[in-house]
Amino acid sequence: MTAKRSIRAPIVAILVILTAALFARSFLQLRLQERGVDADFAKDLSYLVVPVILGILMFPILRDNKTFLLGLFRRKYLTLRLVATAIAIGVLMRIAWWCQLVVRVSFGISVDPDPAALAGPSFSFGCPPLPVIALGFVVMAVLIPVIEEIVHRGLIQSSMSRRGPVVAITTSAILFAVFHPPASYLFVFAWGIVFGIQFWKSQTLLPSLVSHATYNGLIQLDWRCMTGTWNPPSSDLPLIWPGVVAIGGLAFSIGMVAWLILKNVGMHTASRH
């Protein structure tokens with residue numbers, strides 16, 4: 001197995017189909033909310049139509065690449081070291097996200113526009129009912145990582161691999177970011193690069209899938225179980241020490257992710273080349 005494995009997949013068709021599926025999801029989400037369904041629950045529940053729509057509309061593409069895609073999920077590549085490394089990368093990615101948030105708040109880059117917001121920091125922890133959090137984990141930590149890794153790494157990056165790793169990984173990362181909220185483009189693009197390198201080095205979707213699932217699972221804890229406010233008054237800014245510590249944490253997290261990828265990702269397949 002080499003990093004030059006590639007397929008031919010119609011990228012434009014894949015993007016159009018993915019866009020259609022997400023629009024259908026948004027339409028259903030709005031209908032559910034109009035009927036009184038909680039916004040977060042409606043968001044997760046409506047996502048269940050996405051794999052159905054993708055499965056139907058992308059059937060010819062998936063059928064033509066069935067052997068290749070199934071090969072990317074072979075259990076013989078699922079080692080304890082791979083799983084541990086991929087989980088660590090996912091955790092470090094989430095730590096990096098929190099660090100950059102603290103940096104932005106500390107230096108006044110991100111400010112809550114609500115003048116009535118508490119200065120904080122004030123945080124509380126409390127999870128919603130079990131069915132709500134369970135559905136959230138199924139969608140965020142299972143369905144979304146599987147779908148996005150198959151589409152963006154398994155199909156799009158693989159179809160671009162003939163042009164080399166820089167073009168293939170960058171293209172898939174850009175398209176990966178575009179299908180997320182604009183405010184998160186830069187961060188999602190960076191993680192698209194990480195996932196793309198994991199896939200390129202290992203030629204299996206398992207490392208990027210585990211890291212993606214870990215990161216999204218931690219997001220569930222942020223979104224559903226923790227609420228907080230930190231909106232320092234402008235007269236207190238900049239907050240030097242929190243900002244400096246957060247910059248250090250951000251640099252450490254990014255450095256550790258890079259080290260783990262360079263030293264560990266792909267080593268599980270080296271003996272099989």
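Read-outs: derived from the displayed coordinates by stated rules, not from any lab. What you see is a predicted model; the values in this text were computed from it and never measured. Reconstructed Cβ throughout: ideal geometry from the backbone, glycine too, with neighbour counts over all protein chains shown.
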- Note on the structure: Within the stretch 156-212, residues of a type in the set (Lys, Arg) and surrounded by fewer than 19 Cβ atoms within 10 Å (Cβ to Cβ) come out as 162, 163
- Can you give me the number of residues within the stretch 22-39 that are within 17 Å of residue 135 (Cβ to Cβ) and among the hydrophobic types (A, V, I, L, M, F, W, C)? 4
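For the stretch 224-264, what are the residues that are more than 19 Å from residue 104 (Cα to Cα) and of a type in the set (A, V, I, L, M, F, W, C)?
225, 226, 256, 257, 258, 259, 260, 261, 262
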- Message: Please list, ordered by residue number, the helices (runs of 4 or more DSSP H) wholly in the stretch 6-102 having 2 or more residues that are of a type in the set (Val, Ile, Thr) and buried (at least 17 other Cβ atoms within 10 Å of the Cβ).
- Response: 11-34, 49-57
- Query: Out of the stretch 103-133, which residues are in a helix (DSSP H, G or I) and surrounded by 15 or more Cβ atoms within 10 Å (Cβ to Cβ)?
  - Reply: 103, 105, 106, 132, 133
- Query: Looking at the stretch 21-55, which of its residues are more than 20 Å from the chain's Cα centre (by Cα) and under 30 Å from residue 160 (Cβ atoms)?
  - Reply: 24, 52, 53, 55
